[in-house]
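Chemist: If you scroll down you'll find the structure; I have some questions about it.
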Amino acid sequence: MARVKEKAIRWTLAALAFSSLIFLVGIIIVLFKEGLPIFKAVRPGDFIFGKFWYPTYDPPEFGIFPLIMASMWVTLGALCVCVPLGVGSALYLNEIAGFKQRSLLKPAVEVLASIPSVVYGFFGMVVVAPFVQNLLKLDTGLCALTASIILGVMATPTVCSIAEDALNCVPNSFREASFAVGANRWQTLTQVVIPAAGSGISTAVILGISRAIGETMTVLMVAGGSAVIPKSFLDPVRPMTSAIAAEMGEAPVGGLHYHSLFAIALILFIVTFVFNIIAELVSRKFRIRLGQSG
Amino acid sequence: MKNGHITQKIGFSALFGCMLITMFFLGAIIYFTVVRGIGAISWGFLTQVPRSGMTEGGVAPAIVGTLYLTAGSILFALPLGLACAIYLCEYSPRGFFVNIIRMSINNLAGVPSVVFGLFGLAVFVKFMKFGISILSGSLTLGILVLPIIISATQEALMAVPHSLREASLALGASKWETIRKIVLPSALPGILTGVILSIGRVAGETAPILFTAATFYSRRYPDSVFSEVMALPYHIYALMTEGTHPEKQTAIAYGCALILMVLVLGVSAIAVYIRQRQRIQNA
Amino acid sequence: MPDNAKMKAEKVDFFYGPRHALKGIDLDICENRVTAIIGPSGCGKSTFIRLLNRMNELIPNTILKGKISLDGRDIFDPSVDPVEIRRRVGMVFQKPNPFPKSIFENIAYGLKVNGVSSRKIIEERVVKSLQEAALWHEIKDRINDNALKLSGGQQQRLCIARCLAVEPEVILFDEPCASLDPVSTQKIEELILQLKKDYTIAIVTHNMQQAARVSDYTGFFLLGELIEFDRTQRIFTAPSDKRTEDYVTGRFG
């Protein structure tokens, strides 16, 4: 009797453990099922490389190239912010800061990570955008530059904490060996520690990219929302995520607009999926190289 | 030699600068939300319903809505997450299917939040016909935090010394008795930390509830799980992008942002406190 | 009176993945006797004793061949529940491992999972097993304190009491004194000699003097093989194998 109960519990747990897989597969199925119908009306090439996004015009045009470019510009801009800030902070925390500073700064970075994205977006709208507008004498501060800054700051804690983990994995014996041959701390850092933690730091950067591409609320609020191919960082843009978020509310269910937004989400999903896989592969290699398993 | 010293000074200053800028942004966000938000906060703001087309009155329904959505999503994700983590840690540490499950947890954690929103819209709102409701929103948010709860629980379970499991099994306790009476109680603080962090995450999420749960304007409180709700994060977004009185609405949005920050950061602080206390006890 | 085999290992082979950890072990554990298993570290002695209550099953990727029986019944037979075997064959581990609960709860735990629900019986058995484990007079005033507050030696005796409370027939000691001071070690050894009146005992130890002091039979393991098994007195005075003699006289290991 007791053994039957044990078995029942085991199988129940096993069944529930599959829930994550079911949800992931469910997401993939939904994206394909709701996204693919757009390609009956628009050829995939025209969809991805089409230069005009006028989903509600008559006749509508479904070219998401402006949205893709917007996502790329904003992500690239965010990288320029979050890589130096994130990796720099991680290096500072791990290699320079003393115990007291660390115990203060590390929680602070965690706080930065836990601020909701809508608050970042709000802060971007009411503080950063007017500042950028006045500084550069723009028509509007809601542009790719502002979005990049905010997005970069948002991704900084992600990059920082993963890079810090990587630095923690570098054995102290490496550092001691370098000091022993007379290198100073900076030389040790740049020539021994950073190369040793290199792929761990790249994992951090890749996950930062993934985070920035998928981020919705901040770009929805601060990127400006105009769906034309950006010519400079000062143009208002509409990245893929914000197109989905802004337009899904008005798109009639089952219409072409609706399907096209799911198709955008599908592309977004595939891109972030690929980045996450790459990050995982890189970090696995990193762990093997430093002689750790698991 | 002298040269090397100068390079080091410059390098270290640059790294310090990076840290400083990061902290500057943190300070700025907190400063602006607190200084400009505190003026909006009053007893009425916290307890009244909105009036005059969102330009006056309080945001009580949004606070209540956020609490409902958060509670609902944790209620859904916690049992699933616990079961999944227990299975992975205690029953089946390796094998083909387990690797697939691990992989899907990792990937689920990386899915953009707006994609969860679309999934919720297609499955819960339309297919299951729950409509735009607390139920749909909670389920969607629940899936979003599931990976967080699973990994926090896994970590907590792995921190329980193996010797305790052995001691229990050697006394003739069954596997499940050992898990329920020895392993889970020991892992509880860790699991709790994970749950609290998830609460903070869920309370601030906006994109997943855009099309599954949230409504801009509601003068009453939700009366069932099938009601639409106002929610703090969505309210901030809506105030800033819709409506007709930008100045008055921005002031209210500051108030909402402050409440949300206090909620989210307060909850994280509790988690950090529990973790810290646990560390001291273990040391 | 001839000694009665309570447990019997016959041609036992054991593998951790590709590693052949035990090779053709034949060994009897006799009723109301203390059987010591000695050998250098890594020789398979802990592995062997863990087979006797099926604790090896907690490690994945292991293979067992041969037969181990308890009162003549194969304990690895598919119809046998490992939980039942572990109720009858208790174990005390190398490192004291009390649960992070009160002293009382630690001992009551085994009773509860074995279906004892009467508060009165539980209280009686807790006191009785603490007395048996020679711990009662030291801690009777603080039975509700957290067990982790006890000293290492007290914790180990608590673990013994916890094991006694479920009234096993056989008790396995896996290097019970490895992490204890000499005074605590002596107390545990005295306890083992007391307990053999009522229980069958097997003890793994790397301490040869300990084996000589407490055991009736001794088996010497080397690299996964049982080199020699005999009455303790013979093993330490007139071993028949050269390798046993080298080990007990301290020439290696």
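Chemist: State yes or no: is A:LEU142 more than 22 Å from A:ARG238 (Cβ to Cβ) and touching a helix residue (DSSP H, G or I) at 6+ places or on another chain (Cβ under 6 Å)?
Modeler: Numbers: more than 22 Å from A:ARG238 (Cβ to Cβ): no; touching a helix residue (DSSP H, G or I) at 6+ places or on another chain (Cβ under 6 Å): yes.
The answer is no for A:LEU142.
Chemist: Something else about it: Here is a list: C:GLU169, C:GLU190. Which entry is in contact with a Ser or Thr (Cβ under 7 Å, 6 or more places away or on another chain) and either modelled with pLDDT under 90 or surrounded by fewer than 20 Cβ atoms within 10 Å (Cβ to Cβ) (or both)? It would help to see each step written out before you state the result.
Modeler: Numbers: C:GLU190 fails: in contact with a Ser or Thr (Cβ under 7 Å, 6 or more places away or on another chain).
None of the others qualify; the one that does is C:GLU169.
Chemist: May I ask you to say which residue of B:LEU46, B:LEU69, B:LEU78 is of a type outside the set (Val, Ile, Thr), within 22 Å of B:GLU205 (Cα to Cα) and within 12 Å of another protein chain (Cβ to nearest Cβ)?
Modeler: Working: B:LEU46 fails: within 12 Å of another protein chain (Cβ to nearest Cβ); B:LEU69 fails: within 12 Å of another protein chain (Cβ to nearest Cβ).
Being of a type outside the set (Val, Ile, Thr), within 22 Å of B:GLU205 (Cα to Cα) and within 12 Å of another protein chain (Cβ to nearest Cβ) holds for just one of B:LEU46, B:LEU69, B:LEU78, which is B:LEU78.
Chemist: Another question about this same structure. Could you tell me whether any residue of segment C:120-132 is under 21 Å from B:SER168 (Cβ atoms), outside any helix (DSSP H, G or I) and touching a helix residue (DSSP H, G or I) at 6+ places or on another chain (Cβ under 8 Å)?
Modeler: No: segment C:120-132 contains no residue that is under 21 Å from B:SER168 (Cβ atoms), outside any helix (DSSP H, G or I) and touching a helix residue (DSSP H, G or I) at 6+ places or on another chain (Cβ under 8 Å).
Chemist: Moving on. Hey, does segment A:44-53 have a residue that's of a type in the set (Val, Ile, Thr) and either within 13 Å of another protein chain (Cβ to nearest Cβ) or touching a Ser or Thr at 6+ places or on another chain (Cβ under 8 Å) (or both)?
Modeler: Of the residues in segment A:44-53, the ones of a type in the set (Val, Ile, Thr) are A:48.
Filter once more, so that each one left must be either within 13 Å of another protein chain (Cβ to nearest Cβ) or touching a Ser or Thr at 6+ places or on another chain (Cβ under 8 Å) (or both): none.
No; the residues of segment A:44-53 include none that is of a type in the set (Val, Ile, Thr) and either within 13 Å of another protein chain (Cβ to nearest Cβ) or touching a Ser or Thr at 6+ places or on another chain (Cβ under 8 Å) (or both).
Chemist: Say whether the condition of being touching a residue at least 60 places away in the same chain (Cβ under 8 Å) and touching a Lys or Arg at 6+ places or on another chain (Cβ under 9 Å) is met by at least one residue in segment A:47-54.
Modeler: yes
Chemist: Please tell me if A:ILE209 is at pLDDT 90 or above and either more than 9 Å from chain B (Cβ to nearest Cβ) or buried (at least 21 other Cβ atoms within 10 Å of the Cβ) (or both).
Modeler: On the way: at pLDDT 90 or above: yes; either more than 9 Å from chain B (Cβ to nearest Cβ) or buried (at least 21 other Cβ atoms within 10 Å of the Cβ) (or both): yes.
Spelling it out, A:ILE209 is indeed at pLDDT 90 or above and either more than 9 Å from chain B (Cβ to nearest Cβ) or buried (at least 21 other Cβ atoms within 10 Å of the Cβ) (or both).
Chemist: How about segment B:185-283: which helices (runs of 4 or more DSSP H) wholly inside it have at least 1 residues that are more than 29 Å from A:VAL127 (Cβ to Cβ) and in contact (Cβ under 8 Å) with a residue 12 or more places away in the chain?
Modeler: Working: elements: B:207-210, B:232-241, B:246-282.
Passing ranges, in order: B:246-282.
Chemist: Would you check which residues across segment A:1-29 are within 7 Å of chain B (Cβ to nearest Cβ) and more than 15 Å from B:ASN107 (Cβ to Cβ) and list them?
Modeler: Passing the criteria: A:ALA2, A:GLU6, A:ILE9, A:ARG10, A:LEU13, A:ALA14, A:LEU16, A:ALA17.
Chemist: Among (1) without any contact (Cβ under 8 Å) to a residue 12 or more places away in the chain; (2) under 27 Å from A:GLY249 (Cβ atoms); (3) within 14 Å of chain B (Cβ to nearest Cβ), where does A:THR75 come up short?
Modeler: Of everything listed in (1) without any contact (Cβ under 8 Å) to a residue 12 or more places away in the chain; (2) under 27 Å from A:GLY249 (Cβ atoms); (3) within 14 Å of chain B (Cβ to nearest Cβ), A:THR75 misses just condition (1).
Chemist: Can you name the residue in segment C:140-166 that is of a type in the set (A, V, I, L, M, F, W, C) and surrounded by fewer than 19 Cβ atoms within 10 Å (Cβ to Cβ) and, of all such residues, is farthest from the chain's Cα centre (by Cα)?
Modeler: Initially, segment C:140-166 is screened for residues of a type in the set (A, V, I, L, M, F, W, C), giving C:143, C:147-148, C:150, C:158-161, C:163-166.
Next, only the ones that are surrounded by fewer than 19 Cβ atoms within 10 Å (Cβ to Cβ) stay: C:143, C:148.
Numbers: C:ILE143: 25, C:LEU148: 22 Å.
Among residues in segment C:140-166 that are of a type in the set (A, V, I, L, M, F, W, C) and surrounded by fewer than 19 Cβ atoms within 10 Å (Cβ to Cβ), the one farthest from the chain's Cα centre (by Cα) is C:ILE143.
Chemist: Let me ask another. Pick from A:ALA177, A:ALA245: which is assigned to a helix (DSSP H, G or I), small (Gly, Ala, Ser) and away from every other protein chain (no Cβ under 14 Å)? Break it down into steps so the answer makes sense when it comes.
Modeler: On the way: A:ALA245 fails: away from every other protein chain (no Cβ under 14 Å).
The conditions single out A:ALA177.
Chemist: Would you be able to say whether some residue in segment B:141-149 is facing chain A (nearest Cβ under 9 Å) and either more than 15 Å from the chain's Cα centre (by Cα) or not aliphatic (A, V, I, L, M) (or both)?
Modeler: Quick first cut of segment B:141-149, residues facing chain A (nearest Cβ under 9 Å) only: B:143, B:146-147.
Filter once more, keeping what is either more than 15 Å from the chain's Cα centre (by Cα) or not aliphatic (A, V, I, L, M) (or both): B:147.
Checked segment B:141-149: at least one residue is facing chain A (nearest Cβ under 9 Å) and either more than 15 Å from the chain's Cα centre (by Cα) or not aliphatic (A, V, I, L, M) (or both).
Chemist: Turning to a different aspect of this structure: If you check A:LEU261, A:LEU234, A:LEU268, which single one turns out to be of a type in the set (A, V, I, L, M) and more than 11 Å from chain B (Cβ to nearest Cβ)? Show your work before the answer.
Modeler: Numbers: A:LEU261 fails: more than 11 Å from chain B (Cβ to nearest Cβ); A:LEU268 fails: more than 11 Å from chain B (Cβ to nearest Cβ).
Answer to the check: A:LEU234.
Chemist: Taking C:LEU64 as meeting all but one of (1) assigned to a strand (DSSP E or B); (2) closer than 30 Å to C:GLN209 by Cβ, write down the number of the exception.
Modeler: Of everything listed in (1) assigned to a strand (DSSP E or B); (2) closer than 30 Å to C:GLN209 by Cβ, C:LEU64 misses just condition (2).
Chemist: Any chance you could count how many residues in segment A:198-231 are closer than 30 Å to A:ARG287 by Cα and assigned to a helix (DSSP H, G or I)?
Modeler: Within segment A:198-231, the first condition is being closer than 30 Å to A:ARG287 by Cα, and the residues that meet it are A:198-215.
The next check asks that each one be assigned to a helix (DSSP H, G or I); those that pass are A:198-214.
Count: 17.
Chemist: For C:ARG73, all conditions in the list (1) under 30 Å from C:GLU189 (Cβ atoms); (2) free of Cβ contacts under 8 Å to residues at least 24 places away in the same chain hold save one; what is the number of the exception?
Modeler: (1)
Chemist: Could you list all residues from segment C:21-61 that are among the charged types (D, E, K, R) and either under 11 Å from C:LEU226 (Cα atoms) or part of a strand (DSSP E or B) (or both)? Show your work before the answer.
Modeler: Residues of segment C:21-61 among the charged types (D, E, K, R): C:23, C:26, C:28, C:31, C:33, C:45, C:50, C:54, C:57.
Selection gives C:LYS23, C:ASP26, C:ASP28, C:LYS45.
Chemist: Is there a residue being touching an Asp or Glu at 6+ places or on another chain (Cβ under 8 Å), among the hydrophobic types (A, V, I, L, M, F, W, C) and at pLDDT below 95 anywhere in segment C:115-129?
Modeler: no
Chemist: Look at segment C:135-165 and say how many of its residues are of a type in the set (Val, Ile, Thr) and either assigned to a strand (DSSP E or B) or closer than 12 Å to C:ASN106 by Cα (or both).
Modeler: As a first pass, look at segment C:135-165 and keep what is of a type in the set (Val, Ile, Thr): C:139, C:143, C:160.
Add one more test, that the residue is either assigned to a strand (DSSP E or B) or closer than 12 Å to C:ASN106 by Cα (or both), and what stays is C:143, C:160.
Counting residues in segment C:135-165 that are of a type in the set (Val, Ile, Thr) and either assigned to a strand (DSSP E or B) or closer than 12 Å to C:ASN106 by Cα (or both) gives 2.
Chemist: Given the options C:LYS65, C:LYS45, name the one that is loosely packed, with under 14 Cβ neighbours inside 10 Å and modelled with pLDDT of 90 or more.
Modeler: Values: C:LYS45 fails: loosely packed, with under 14 Cβ neighbours inside 10 Å.
That would be C:LYS65, the only listed residue that is loosely packed, with under 14 Cβ neighbours inside 10 Å and modelled with pLDDT of 90 or more.
Chemist: Would you please name the residue that is farthest from the other protein chains (Cβ to nearest Cβ), looking only at residues in segment C:19-55 that are of a type in the set (A, V, I, L, M), touching a Gly at 6+ places or on another chain (Cβ under 8 Å) and under 16 Å from C:PRO176 (Cβ atoms)? So that I can check it myself, show each step before the final result.
Modeler: Going residue by residue through segment C:19-55, those that are of a type in the set (A, V, I, L, M) are C:21-22, C:25, C:27, C:29, C:34, C:36-38, C:49, C:51-52, C:55.
So of that shortlist, the ones also touching a Gly at 6+ places or on another chain (Cβ under 8 Å) come out as C:21-22, C:25, C:27, C:36-38.
Next cut, under 16 Å from C:PRO176 (Cβ atoms) only: C:36-38.
Numbers: C:ALA36: 20, C:ILE37: 17, C:ILE38: 22 Å.
Out of the qualifying residues, it is C:ILE38.
Chemist: Within segment C:87-109, which residues are part of a strand (DSSP E or B) and out of contact with any helix residue (DSSP H, G or I) (no Cβ under 9 Å at 6 or more places or on another chain)?
Modeler: Quick first cut of segment C:87-109, residues part of a strand (DSSP E or B) only: C:89-92, C:102.
Passing the criteria: none in range.
Chemist: Now a separate question. Out of all the residues in segment B:166-192, which are in contact with a Ser or Thr (Cβ under 7 Å, 6 or more places away or on another chain) and more than 10 Å from chain C (Cβ to nearest Cβ)?
Modeler: B:ILE191
Chemist: Would you pick out the residues in segment C:198-253 that are of a type in the set (Val, Ile, Thr) and more than 23 Å from C:ALA178 (Cβ to Cβ)? So that I can check it myself, show each step before the final result.
Modeler: Taking segment C:198-253 as the starting set, the residues that turn out to be of a type in the set (Val, Ile, Thr) are C:200-201, C:203-205, C:214, C:218, C:227, C:232, C:235, C:237, C:244, C:248-249.
If the condition is that a residue be of a type in the set (Val, Ile, Thr) and more than 23 Å from C:ALA178 (Cβ to Cβ), then C:THR237 is the only one that fits.
Chemist: I've got another one for you. Could you list, in sequence order, the residues of segment B:120-178 that are on the phi < 0 side of the Ramachandran plot, not in a helix (DSSP H, G or I) and not aliphatic (A, V, I, L, M)?
Modeler: Kept after step one, since they are on the phi < 0 side of the Ramachandran plot, are these residues of segment B:120-178: B:120-128, B:130, B:132-171, B:173-178.
Okay, now just the ones that are also not in a helix (DSSP H, G or I), so B:128, B:130, B:132-133, B:159-161, B:171, B:173-174.
B:PHE130, B:SER133, B:PRO161, B:SER174, listed by residue number.
Chemist: Please work out if A:LEU189 is within 14 Å of chain B (Cβ to nearest Cβ) and touching a Gly at 6+ places or on another chain (Cβ under 8 Å).
Modeler: Working: within 14 Å of chain B (Cβ to nearest Cβ): yes; touching a Gly at 6+ places or on another chain (Cβ under 8 Å): yes.
Yes.
Chemist: Run down A:LEU261, A:LEU220, A:LEU234 and say which single residue is within 16 Å of the chain's Cα centre (by Cα) and either of a type outside the set (Ser, Thr, Tyr) or surrounded by fewer than 23 Cβ atoms within 10 Å (Cβ to Cβ) (or both).
Modeler: Details: A:LEU261 fails: within 16 Å of the chain's Cα centre (by Cα); A:LEU234 fails: within 16 Å of the chain's Cα centre (by Cα).
On inspection, the qualifying residue turns out to be A:LEU220.
Chemist: How many residues are surrounded by fewer than 16 Cβ atoms within 10 Å (Cβ to Cβ), in contact with a His (Cβ under 9 Å, 6 or more places away or on another chain) and not in a helix (DSSP H, G or I) when one looks only at segment A:28-80?
Modeler: So the count comes out to 2.
Chemist: Taking segment A:1-27 as the search range and keeping residues that are assigned to a helix (DSSP H, G or I) and more than 24 Å from B:SER104 (Cα to Cα), which one is modelled with the highest pLDDT? Give the derivation first.
Modeler: First, pick out the residues of segment A:1-27 that are assigned to a helix (DSSP H, G or I): A:2-17, A:19-27.
The next check asks that each one be more than 24 Å from B:SER104 (Cα to Cα); those that pass are A:2-8.
Working: A:ALA2: 75, A:ARG3: 81, A:VAL4: 88, A:LYS5: 89, A:GLU6: 88, A:LYS7: 89, A:ALA8: 93.
Selected residue: A:ALA8.
The values are calculated or read from the model by the stated rules, or taken from the named source; none is laboratory data. It should be emphasised that the depicted structure is a prediction, and the values quoted were computed from it without experimental measurement. A quick note on method: Cβ atoms are made from the backbone with ideal geometry, for glycine too, and the neighbour counts reach across all protein chains shown.
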